[in-house]
Amino acid sequence: MRDVRGRAVPVNGRHVYVEESGDGPSWVVFEAGGGCGRTCWDAVTPLLASGARLVTYDRAGRARSGPAGGPLGIDDLAADLVAMTEAVVPGEFVLVAHSMGGLVARRAAERLGPRLRGLLLADVLPETSPVYDTWDRTTEQVDRMLAVSQALSRFRPLARLFSGNVRRLFPADTYRTMLAEDFTPAGVAQTRSEVRAVAAAIPEFRARPPRLPECPAIVLSVTRAARGRERQHAANREHQRRYAESLPDGRHEDVSAGHLVQAEQPHLVADRTARLLHHAS
């Protein structure tokens, strides 16, 4: 599965590493969540490969992409996504985004216009959610934990220990690549940068929400909450539902999975992506 050949694509004075697979007249582009790159879609892409051209990539600063050249905000990452699609995808496409990647995708959608034929948001949290009211405090706590992980990830047995939940969810060859690229001091440092980018973006999103995409869209909410966070999770799902209902052509769906829905329910993610492709054809 990890034998897909990639290439460096220049975007906005930096580079992103892009892998292309599949075969067909339609195109799908995948935007990963925070702390993840192209590999997080490995369980999904083979399920779509017979009917579409598939594009996965690492954001600048992550894994095989070149240095970010400094901290990048969500708007910068959205500009990179747009530039990458302009360089790689010849026409219209469906965009699939997970978690933090949904913020990037929604900003990018403002500039993609009619090229964006469908949008799948997998457990993407809208800026209206009350969980973001104390996000600065949450970011500080997460950053402290990641700082410890960054230091300890130099010791590979500890990196394997920290990444045990990922090892259980992804194919063995995918996990080995993630361990080598994401669960390293450089990989964790980039994750910390992305966490801070989200914290900086939320006030901007609340003050100037992205324009609603006019293309068909599906919003997936996962139903399995972390222990002790059931009420918060229920509130998040409600705001995801409200966001879907606000879209000109939106649909909300609950999915029996945890946050990494593309690993736990790859067939469902692939099926919903295929529905958007069919709708767009």
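Bear in mind these aren't lab numbers, they're just calculated from the coordinates by the rules spelled out. What you see is a predicted model, and the numbers here were worked out from it, not measured in a lab. A quick note on method: Cβ atoms are made from the backbone with ideal geometry, for glycine too, and the neighbour counts reach across all protein chains shown.
General remarks:
- The range 65-123 and the range 198-243 have their alpha-carbon centroids 17 Å apart.
- Per principal axis, descending, Cα span of the range 25-133 in whole Å: 43, 31, 28
- For the pair Glu20 and Arg168, the difference between a 0.36 nm per residue extended length and the Cα-Cα distance amounts to 50.7 nm.
- In the chain, taking the dipole from charged Cβ atoms about the Cα centre, the farthest positive-side position among Ala217, Ala109, Trp135 is held by Trp135.
- Considering only alpha-carbon pairs that sit under 8 angstrom and 6 or more positions apart, the relative contact order computed for the chain is 22 percent.
- Figure legend: label point modelled 7 angstrom from the Cα of Thr128 along Cα→Cβ; residues of the range 216-231 with amide N under 20 Å from it are 216-223, 231.
- Cα shape, the range 125-171, gyration tensor, a/c 1.5 rule: oblate
- Rounded to the nearest 20 debye, dipole of the range 99-229 from Cβ charges on Lys, Arg, Asp, Glu: 280 debye
- Set against the labelled values [x] 7, 31, 40, 21, 2; [y] 7, 29, 37, 21, 5, 0; [z] 6, 25, 30, 23, 12, 4, 0, P(r) over Cα pairs in 10 Å bins from 0, in percent computed from this structure falls on [x].
- Low-density loop cleavage sites - trypsin sites (Lys or Arg not before Pro) in the range 106-168, where at most 13 other Cβ are within 10 Å (DSSP): Arg154
- Volume per residue of the convex hull around the Cα atoms, evaluated for the range 226-281, comes out as 72 Å³.
- Ser246-Arg154 pseudo-label distance in nm [points 7 Å out on the Cα-to-Cβ vector]: 4.5 nm
- When only Cα pairs below 8 angstrom with a gap of at least 6 residues are kept, the range 166-281 shows a relative contact order of 26 percent.
- Helix-derived mean residue ellipticity, 222 nm - over the chain, DSSP H n ≥ 4, -39500 (n - 2.57), to 500: -14500 deg cm²/dmol
- Distances between placed amide hydrogens fall under 5 Å for Ser153 paired with no residue 5 or more residues away or on another chain.
- Electrostatic dipole magnitude of the range 1-144 [Cβ: Lys, Arg +1; Asp, Glu -1; Cα centre; debye, to 20]: 360 debye
- Once the Cα-Cα distance is subtracted from the 0.36 nm per residue extended length, the His267 to Leu161 segment shows a gain of 35.4 nm.
- Value of relative contact order over the range 1-87, rounded to a whole percent, pairs C-alpha under 8 Å and six or more apart: 33 percent
- Linear extension gain, Ala207 paired with Gln141, 0.36 nm per residue minus alpha-carbon span: 21.3 nm
- The chain: DSSP helices with Cα axial extent of at least 30 Å and average Kyte-Doolittle hydropathy no lower than 0.0: 185-207
- Most to least packed among 248-256, 51-59, 84-92, 235-243 [average Cβ atoms within 10 Å]: 51-59, 235-243, 84-92, 248-256
- Among the chymotrypsin sites (Phe, Trp or Tyr not before Pro) within the range 120-166, those in coil by DSSP and having at most 12 neighbouring Cβ atoms inside 10 Å are Phe155.
- Cβ-defined net charge surrounding Val104, 10 Å radius [Lys, Arg +1; Asp, Glu -1]: -2
- Note, ³J(HN,Hα) from phi for the range 41-57, Karplus 6.51, -1.76, 1.60, rounded to Hz, x at Gly and Pro: 9, 4, 7, 9, 4, x, 6, 10, 5, 7, x, 7, 7, 10, 10, 10, 7
- Sequence-distant residues sharing a close amide H with Val96 (under 5 Å, placed H): Val29, Phe30, Glu31, Leu120
- Rounded to whole Hz, the Karplus (6.51, -1.76, 1.60) HN-Hα couplings of the range 10-16, x for glycine and proline: x, 9, 6, x, 9, 10, 10
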